[in-house]
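J.: Before I ask anything, here is the structure I am working with.
The values are calculated or read from the model by the stated rules, or taken from the named source; none is laboratory data. Keep in mind that this is a model prediction, so the values were computed, not measured. So basically every Cβ, Gly included, is an ideal-geometry build from the backbone, and we count neighbours across all protein chains shown. Note: accessible area is taken over every heavy atom of the protein model, side chains too, but ligands, DNA and RNA are not part of it. Shrake-Rupley method; radii C 1.70, N 1.55, O 1.52, S 1.80 Å.
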Amino acid sequence: MDSFKSQPAPAPSLPCAKVYLTFDIEPDYARTDSYRILDRTAPFFEWIGQEQLPATAFVTGQLLENGHPILDSLQKAGIPVEVHGYSHAAETFGDMHTSHAEEIDKGTEAYLRRFGQQPVGYRAPCGIVSAADIQLLAQLGYRYDSSIFPMRRPHRFDFTHLPHHPFRWEGTKLVEIPFGLLTPFMPAGLTFMNLLGPRLSAILGRYQAKRRVTAPGSNSVGYIVDGHFHNLFHDAEALQRLPPRLQWVYRLSRLQGGLPSLQKTVTLWQKAGLAFGNLQQDALSMNESRLPLVQTKIFNHE
Ligand SMILES: [Zn+2]
């Protein structure tokens, strides 16, 4: 960290690009029925505590309902908890035209039972969110959604027409904060960063984060990084339950990925002058009345 201190500070006239580390807490490898990886996360919490790095977690309703011990680890680390659907049934989650009302309702109720208060932030499993979902989230009093990958995923969604900066869904108070990208076709997700390795990930992320435009009403330039604990830790038994193609993706990603890779990337970003933010805190302090508006009819584009 000494080398960080010796770096020149960013020019004061430029907005400081802020990185938001976010983690989706869900079944192992997003599509199994096991949660073994969540028991291996102690080194992550140790590191994030030592570095005092802010992070935000999006947790499935099932884990909230079962009172999984990972919730205590998150709370102890001061990591805000938001909702990540309920069951995370990746294979049958539909597309951007599917209503996920039951997933949203059950996830919200589980949060309410666990914490005794309404959740403020939501992230759709697999980035699959629809116009009906947006309306429901707004009705339920959610303040922000962080589900949009501003790109196309065949048979799932096409959000290439959406802004890359925070905006508000027209007719609602709901703020949307899209994910960052590494390239126009690759999101800033740890799954991809593990494949690229820390040096290339840090270069691409730094370039993209610094060219982000601040939207009026948003108080920072947000670059959201999407992570999972299965990007940081491994479980051979859970991996065996995946389709062969996905098994190979995760095997390959272990060559230069995992927790040490994220640690290296974060250090490189710090050296480049990027700051790290608390997504929940910054989302709630945005002036949503000044954010650009987007209509949900954008969902009819596909
Ligand atoms: Zn997920």
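To keep it simple, each residue is scored yes or no on (1) part of a loop (DSSP other than H, G, I, E, B); (2) within 15 Å of the ligand (Cβ to nearest atom); (3) aromatic (Phe, Trp, Tyr); (4) buried (at least 23 other Cβ atoms within 10 Å of the Cβ).
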{"residue": "ASP24", "(1), (2), (3), (4)": "no, yes, no, yes"}
{"residue": "ASP33", "(1), (2), (3), (4)": "yes, yes, no, no"}
{"residue": "LEU63", "(1), (2), (3), (4)": "no, yes, no, yes"}
{"residue": "ASP95", "(1), (2), (3), (4)": "yes, no, no, no"}
{"residue": "LEU112", "(1), (2), (3), (4)": "no, no, no, no"}
{"residue": "GLN118", "(1), (2), (3), (4)": "yes, no, no, no"}
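J.: Being more than 18 Å from GLU176 (Cβ to Cβ) and more than 16 Å from the chain's Cα centre (by Cα) narrows it down to one residue among ILE134, ILE48, ILE104, ILE79; which is it?
T.: Answer to the selection: ILE48.
J.: Of all the residues that make up segment 103-129, how many are at pLDDT below 95 and in contact with a helix residue (DSSP H, G or I) (Cβ under 6 Å, 6 or more places away or on another chain)?
T.: 1
J.: Please find, within segment 65-79, the residue that is farthest from the ligand (Cβ to nearest atom) out of those that are in a helix (DSSP H, G or I) and open to solvent by 10 Å² or more (accessible area, probe 1.4 Å).
T.: LYS76
J.: State whether one or more residues within segment 156-176 are within 16 Å of the ligand (Cβ to nearest atom), closer than 19 Å to GLU82 by Cα, buried (at least 23 other Cβ atoms within 10 Å of the Cβ) and of a type outside the set (Asp, Glu).
T.: No, every residue in segment 156-176 fails to be within 16 Å of the ligand (Cβ to nearest atom), closer than 19 Å to GLU82 by Cα, buried (at least 23 other Cβ atoms within 10 Å of the Cβ) and of a type outside the set (Asp, Glu).
J.: Here's a follow-up. Run down THR183, THR191 and say which single residue is touching a residue at least 12 places away in the same chain (Cβ under 8 Å), within 19 Å of ALA55 (Cβ to Cβ), open to solvent by 30 Å² or more (accessible area, probe 1.4 Å) and among the β-branched types (Val, Ile, Thr).
T.: Only one candidate passes the filter, namely THR191.
J.: From GLU103, GLU46, GLU91, GLU82, which residue is part of a helix (DSSP H, G or I) and touching a Gly at 6+ places or on another chain (Cβ under 9 Å)?
T.: Exactly one of GLU103, GLU46, GLU91, GLU82 is part of a helix (DSSP H, G or I) and touching a Gly at 6+ places or on another chain (Cβ under 9 Å), namely GLU103.
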